[in-house]
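Here's a structure for you.
The values are calculated or read from the model by the stated rules, or taken from the named source; none is laboratory data. Here the structure is a predicted model, which is why all the values come from computation and not from measurement. Cβ: placed from backbone, ideal geometry, glycine included. Neighbour counts: every protein chain shown. To get the accessible areas, we keep the full protein, side chains included, count just its heavy atoms, and leave off ligands, DNA and RNA. Shrake-Rupley method; radii C 1.70, N 1.55, O 1.52, S 1.80 Å.
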Amino acid sequence: MNKAPIRVAVTGAAGQIGYSLLFRIASGAAFGPDQPVIIHLLERADEKVMAALQGVCMELEDCAFPLLKGLVPTSNPDEGFKGVNWALLVGAQPRGPGMERKDLLAANGKIFTGQGNAIAKNAAADVRVLVVGNPCNTNALIAANNAPGIPKERFFAMTALDENRAKSQLAKKASVDTTAVTNLAIWGNHSATMYPDFFNTKINGRLVPEVISHREWLEKDFISTVQQRGAAIIKARGLSSAASAANAAVDTVRKLVTPTPAGDWFSVAVHSDGSYGIEKGLIFSYPIRSNGKDFEIVQGVPLNDFSKAKIAATENELKEEKSLVADLIKK
Ligand code: NAD
Ligand code: LMR
């Protein structure tokens, strides 16, 4: 039987990431090859931006995607989020060279109060929200706290790009295919303090430290390469990552709507329930498993002192970011 279309909102739809992401969604890469979609494209109310958005819609039409059942381009958040089952919040300013992602809070934080509210007012009862716009963990915290009535467990922030980066670095070092690398958790913030936990990651079923004996590389170069990869791309391209970010958003949705393979986990930042002693309510990246509908934070992952110190540092940064946006978070 043919499935009914779902509605998916993408904000910042005329931006860099939007230009990669929309076509992947329309092709079925995110929600599945048998799931029709109606895409709501939300942008700023700016004449030039809205004209560019019309161009993006023309290109989407020109692909004649079999699964694409409608386009709703708009600058009105109420229309943008009307009846949506998923909201992918990409629209936000990117950082430039020399900036940290949290430097964007002043410019971007307020976007997520209004959008949280508009989602609560307009979205479908089952809405799930993935925040990509930076700093994504704290923006997700703002959105979740401005969306009365929506369970906080429905808000996610993207750390899949970090997971993918980490998997590629490990695969290259061990001269294996990226598919050999499993159980890679990014802990904490999508920022320079994130912790890619190589101790519990596996390569062809064996723990990484058993496969890669170069411990100094793992503890220093590997971690800092992953932490600084976004900045390295900005330096090289003059623009922040876009196609790889869109790909990570597709991966995140796909992994949340598909049962996780037995024994594996993936990374996404979710509302902390206090697992691993993390402050409740922070949007914190954990090892996650999904049954295709609901997710769980994987419990019992062993953490040594090295890991605990890294996780404490990224938690502290998220607490600091939270305090910077206290006025945007409703109690
Ligand atoms: P971009 O500047 O190319 O596009 C952003 C778009 O958002 C623009 O078209 C802009 O008009 C739109 N926008 C701004 N405010 C809006 C609002 N209130 N409502 C709707 N649209 C709005 O930027 P980009 O390269 O697409 O990056 C977007 C965001 O994603 C940035 O904050 C960037 O730092 C972040 N990002 C996150 C990750 C991650 O891993 N979490 C990865 C890459 C980029
Ligand atoms: C990334 O990790 O590539 C994005 O968060 C963009 C950035 O600012 O680094």
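Collect the residues in the stretch 92-143 that are closer than 20 Å to residue 327 by Cα, open to solvent by less than 10 Å² (accessible area, probe 1.4 Å) and not in a helix (DSSP H, G or I), keeping them in residue-number order.
Within the stretch 92-143, 109, 131, 133, 135 qualify.
Specify which of the listed residues (249, 269) is under 16 Å from residue 196 (Cβ atoms), surrounded by 21 or more Cβ atoms within 10 Å (Cβ to Cβ) and within 16 Å of ligand 1 (Cβ to nearest atom).
Testing whether each residue is under 16 Å from residue 196 (Cβ atoms), surrounded by 21 or more Cβ atoms within 10 Å (Cβ to Cβ) and within 16 Å of ligand 1 (Cβ to nearest atom) leaves just 269.
Say we look at the stretch 190-205 and pick out the residues that are over 18 Å from residue 286 (Cα atoms) and in a loop (DSSP other than H, G, I, E, B); which of these is most open to solvent (accessible area, probe 1.4 Å)?
Here is the first cut: in the stretch 190-205, the residues over 18 Å from residue 286 (Cα atoms) are 203-205.
From what's left, in a loop (DSSP other than H, G, I, E, B): 204-205.
Working: 204: 113, 205: 57 Å².
Step by step, filter the stretch 190-205, then rank; the result is 204.
Answer yes or no: is there a residue in the stretch 21-44 that is touching a helix residue (DSSP H, G or I) at 6+ places or on another chain (Cβ under 6 Å), open to solvent by less than 40 Å² (accessible area, probe 1.4 Å) and within 16 Å of ligand 2 (Cβ to nearest atom).
Checking the stretch 21-44: at least one residue is touching a helix residue (DSSP H, G or I) at 6+ places or on another chain (Cβ under 6 Å), open to solvent by less than 40 Å² (accessible area, probe 1.4 Å) and within 16 Å of ligand 2 (Cβ to nearest atom).
Continuing with this model, one more query. For the stretch 93-115, how many residues are in contact with a helix residue (DSSP H, G or I) (Cβ under 8 Å, 6 or more places away or on another chain) and within 12 Å of ligand 1 (Cβ to nearest atom)?
If we filter the stretch 93-115 for residues that are in contact with a helix residue (DSSP H, G or I) (Cβ under 8 Å, 6 or more places away or on another chain), which is where we start, we get 93-97, 101-102, 105, 108-115.
Those still in the list that are within 12 Å of ligand 1 (Cβ to nearest atom) too: 93-96, 101-102, 105, 108-115.
Count: 15.
Moving on to the next point. Can you spot a residue in the stretch 79-91 that is open to solvent by 50 Å² or more (accessible area, probe 1.4 Å), in a loop (DSSP other than H, G, I, E, B) and touching a Leu at 6+ places or on another chain (Cβ under 7 Å)? Walk me through how you get there before you give the answer.
Filtering the stretch 79-91 down to residues open to solvent by 50 Å² or more (accessible area, probe 1.4 Å) leaves 79, 82.
With in a loop (DSSP other than H, G, I, E, B) added as a condition, the list becomes 82.
Now restrict to residues that are touching a Leu at 6+ places or on another chain (Cβ under 7 Å): none.
No, because not a single residue in the stretch 79-91 is open to solvent by 50 Å² or more (accessible area, probe 1.4 Å), in a loop (DSSP other than H, G, I, E, B) and touching a Leu at 6+ places or on another chain (Cβ under 7 Å).
I need the full set of residues from the stretch 206-226 which are open to solvent by less than 30 Å² (accessible area, probe 1.4 Å) and in a helix (DSSP H, G or I), in order please.
Those that are open to solvent by less than 30 Å² (accessible area, probe 1.4 Å) and in a helix (DSSP H, G or I): 208, 218, 222, 223, 226.
Look through the stretch 52-78, keep the residues that are open to solvent by less than 20 Å² (accessible area, probe 1.4 Å) and touching a helix residue (DSSP H, G or I) at 6+ places or on another chain (Cβ under 8 Å), and return whichever of them is farthest from residue 26 (Cα to Cα).
74
Report yes if residue 161 is crowded, with 23+ Cβ neighbours inside 10 Å and within 13 Å of ligand 1 (Cβ to nearest atom), otherwise no. Write out each step before concluding.
On the way: crowded, with 23+ Cβ neighbours inside 10 Å: yes; within 13 Å of ligand 1 (Cβ to nearest atom): yes.
Answer is yes for this residue.
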